[in-house]
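Below you'll find the structure, written out as C-alpha cells, and then a few comments.
The values are calculated or read from the model by the stated rules, or taken from the named source; none is laboratory data. Owing to the predicted nature of the structure, the values given are computational and were not obtained by experimental measurement. Cβ: placed from backbone, ideal geometry, glycine included. Neighbour counts: every protein chain shown. For accessibility, only protein heavy atoms count, side chains too; no ligands or nucleic acids. Shrake-Rupley method; radii C 1.70, N 1.55, O 1.52, S 1.80 Å.
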Amino acid sequence: MTESNESSWFGRFLIWRVKYVKEKNFILVLSLLVGIVSGLAAILLKNMVHSTHVFFTERLQVDSGSLLFFIYPFIGICLTSLFVRYFVREDISHGVTKVLYAISRRNSMIKPHNNYSSLIASTITIGFGGSVGTEATIVLTGASIGSNLARFFRMNYKVMTLMIGCGAAGAIAGIFKAPIAGIVFTLEVLMLDLTMASLIPLMISAISSYVLVYFMMGDGIVLNFAVHDRFALANVPYYIILGICCGFLSVYFIRMNIRIEQFVAKIGNPFKKVAVGGALLGVLIYAFPPLYGEGYSSLQDLLTDNADNILKNTYFFDFKGSAFMIVLYVIGLLFVKVIATALTNGSGGVGGVFAPSLFTGGVGGYLVATLINLSGIATVPVSYFVLAGMAGVMSGVMNSPLTAMFLIAEITGGYSLLVPLMITSVMAHLTGRGMEPHSIYARRLAMKGDLITHNKDKAVLTLMKLNKVIETDLKTVSVDATLGDLVKIVSRSSRNIFPVVDANNELLGIVLLDDIRKIMFNQDLYTTTYVRDYMTTPPTIVDVEDLMDTVMKKFEDTGAWNLPVIQEGKYVGFVSKAKIFNTYRRVLQHFSDE
C-alpha cells in the first residue's frame with residue numbers, strides 16, 4: 001500500500017470516527033490504549049535497569065571497597081552524554097519539568113523521540129550507577145505516548161493535555177504498581193485543572209497499566225515490606241517532629257540540587273563537564289556505595305532492621321554492628337545523596353529526583369527514629385518512621401502530600417499508617433512551602449513564568465499568546481510630519497491613537513486624538529506645527545516577548561487601556577485590555593468546557 005493510500009485510508013477512518021463515535025467515548029478508548037502502552041514502557045524500563053544493575057554489581061565483594069564504584073558511574077555518564085548529544089540531539093533530562101513545559105508552552109505537544117529516547121538514556125545512567133530514579137523518565141515517556149497518540153488521531157489541545165495526564169498516571173501506576181498514586185500525581189504534580197468527567201480516563205489509564213504490569217510481572221513491589229500493626233497514638237508528636245525535619249530536608253534538597261546543577265552548567269565545554277561531573281559522582285559513590293543507582297535496596301535494609309548492610313562494599317564493613325558508625329554513615333548519606341543526584345543530571349545523565357527524594361526521606365526517618373530511641377525519650381518503630389520520612393521529603397520536594405501519602409501506602413500495603421503518613425506529609429509540606437513555594441519540578445518554569453497552576457486565571461493567561469492579540473490597524477505617523485499631515489491620517493483612521501515612529505520604525509511616542517481635537521481644524525497651524533509638538537510618552541511599553549501575566553500587570557500598574565508593543569525596539573502594534581478580556585473569555589470557556 002502506498003503512502004498516499006495509507007493517508008487516504010486513515011483520513012476516511014478519522015471521518016468515520018467523527019460521524020459514528022462520540023468524542024467522549026473515543027477519549028475513553030484512547031485512555032485505555034495510553035494506559036496499556038505506558039504499562040508496557042514501565043515494564044521495559046524496570047527490567048532493563050534491573051538487568052543492567054545486576055550485571056555490573058553481582059560479582060562485587062561486599063566486605064571491602066571497590067574502584068568499580070568510581071568507574072561504573074563515570075562510564076555511564078559518558079555513554080549517556082554521547083547518546084544524547086549525537087543521537088537524540090536534545091536535552092531530555094528533568095522529565096517532569098519537560099512535561100510541564102510542554103503543557104504550558106508547546107500546546108501539549110511532545111516530540112515523538114521521547115517515546116523511547118529517555119528509556120535508553122535512563123537505563124544507561126542508572127544501570128551504570130547514576131544516583132537518580134526512573135520515575136521522571138517513565139513519566140516523560142508515558143506523557144509522550146499520550147501526547148503523540150492524541151496528536152496522531154488529530155485531537156485538540158484539551159484532549160492532548162488529558163492524554164498527557166493519562167500517560168503520566170499510567171506510568172506511575174505501572175512503575176510502582178500504585179494506581180491511586182498515579183492518578184493523584186497527575187492532578188497534584190502536573191497541576192491539571194481537570195473536571196470530574198476527566199477523572200474517568202485517568203482512572204482507566206492507571207488501572208489498565210497496573211493490571212498489565214501485575215499480570216506480566218507478578219505481585220513483586222518496589223519495597224518488600226508489609227505493615228501489619230496500627231500506629232501508636234502516643235507517637236503522634238514524634239511524627240510531627242519528623243514532618244518538620246522532612247520539610248527542612250526538602251528545602252535543602254531543592255536548593256542544593258539547583259545550585260550543584262548550576263555549578264556544573266557553568267562548565268562551558270561539554271566534554272569537560274562530563275569529565276568533572278562524572279569524576280565527582282564517582283568519588284561520592286566510591287565513598288558511599290548506597291548512592292549507586294536508585295537506592296531502593298538500602299531502603300529495604302533500613303525497613304527490615306538490616307541497617308548493617310548499608311556498610312557493604314565499603315571500607316567500614318568491619319564496623320557493622322556499631323550503632324555510632326551507622327548513625328555517622330547515615331548522616332553522610334543524608335546530605336550527599338542530593339549532591340550525587342545533581343551531579344548525575346547536571347553532568348549529562350538522565351533520571352529524576354523521585355527516587356532520590358524517597359531515599360533521602362527514608363534515611364532521614366531512620367535517623368530521627370534511631371536518635372529518639374537512643375535518647376531514651378521514647379521507643380518508636382524505626383520502619384514506620386522510614387516510611388513516613390519517605391512520604392515527608394517527597395511531599396516537600398514535589399509539593400505533593402497526597403501523592404506521597406498514597407504512594408507509600410500502596411507500595412507497602414500500609415493503609416493503617418495513613419494517619420502518620422498524613423501528619424508527616426502535611427507538616428513537611430507546610431514547613432517546606434514557607435521557604436520554597438514551588439516544587440523542584442516547577443521552580444525553573446515558575447521563574448520564567450511558564451508554569452500552569454491550579455489558579456485558573458493564571459492558567460488561562462499562560463495559555464494565551466501575546467502575538468494573537470496584537471492590533472496592527474493603527475495608523476503610524478512620522479515624527480517630522482506636520483499637523484496637516486496628521487489630520488489627513490486621522491481622516492483615514494478609525495482609531496484614536498496614533499503611534500509616532502522615526503525613519504527606522506522605532507517608536508518615539510504617541511498622539512492621542514483627544515489631545516489634538518481642539519486644534520485639528522485650525523488650518524493656520526497645519527504647516528507651522530509638527531507631530532513632535534503634540535506627541536506624548538506612553539505610560540509603558542510591552543515587548544513582544546512579554547508573557548501575558550506580565551502584560552496584565554503592566555495594564556494594572558498604569559491603568560491604561562491600550563499599550564504599544566515593540567520588538568527589538570521596532571514598533572509592532574498595540575495591545576488593548578478589551579481584546580485581551582475577550583480572548584480570555586474564549587480561552588476560559590474552552591479550558592473549562594466539559
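If you filter region 264-283 down to residues that are exposed (fewer than 15 other Cβ atoms within 10 Å of the Cβ) and in contact (Cβ under 8 Å) with a residue 12 or more places away in the chain, you find that the one that is farthest from Met390 (Cα to Cα) is Pro270.
Across region 542-557, the number of residues qualifying as exposed (fewer than 15 other Cβ atoms within 10 Å of the Cβ) and in a loop (DSSP other than H, G, I, E, B) comes to 1.
Can you name every residue in region 333-377 that is aliphatic (A, V, I, L, M), part of a loop (DSSP other than H, G, I, E, B) and open to solvent by 20 Å² or more (accessible area, probe 1.4 Å)?
Within region 333-377, just Ile377 meets the criteria.
Thr314 meets the conditions (1) modelled with pLDDT under 90; (2) under 24 Å from Thr52 (Cβ atoms); (3) assigned to a helix (DSSP H, G or I) in every case but one. The failed one is (3).
Filtering region 321-336 to residues that are in contact (Cβ under 8 Å) with a residue 60 or more places away in the chain and in contact with a Leu (Cβ under 6 Å, 6 or more places away or on another chain) leaves nothing.
Is it the case that Tyr286 is over 28 Å from Asn399 (Cα atoms) and crowded, with 19+ Cβ neighbours inside 10 Å? Yes; evaluated as a whole, the condition is true for this residue. Filtered by the rule that a residue be open to solvent by less than 90 Å² (accessible area, probe 1.4 Å) and not in a helix (DSSP H, G or I), region 514-527 gives Ile519, Met520, Asn522, Tyr526. Taking the conditions exactly as written (modelled with pLDDT of 90 or more and either under 24 Å from Arg255 (Cα atoms) or hydroxyl-bearing (Ser, Thr, Tyr) (or both)), does Thr412 satisfy them or not? Against the criterion (modelled with pLDDT of 90 or more and either under 24 Å from Arg255 (Cα atoms) or hydroxyl-bearing (Ser, Thr, Tyr) (or both)), Thr412 does not qualify. Among residues of region 565-580 that are at positive phi and outside any strand (DSSP E or B), those with a beta-carbon under 8 Å from a residue that is among the charged types (D, E, K, R) and at pLDDT 85 or above at least six positions away or on a different chain give the pairs Gly569/Glu506. Within region 463-478, being charged (D, E, K, R) and assigned to a loop (DSSP other than H, G, I, E, B) holds for Lys465, Asp473, Lys475. Can you name every residue in region 479-497 that is among the charged types (D, E, K, R) and not in a helix (DSSP H, G or I)? Asp480, Arg492, Arg495, listed by residue number.
Number of residues in region 108-138 that are basic (Lys, Arg) and either open to solvent by less than 10 Å² (accessible area, probe 1.4 Å) or in a helix (DSSP H, G or I) (or both): the value is 0.
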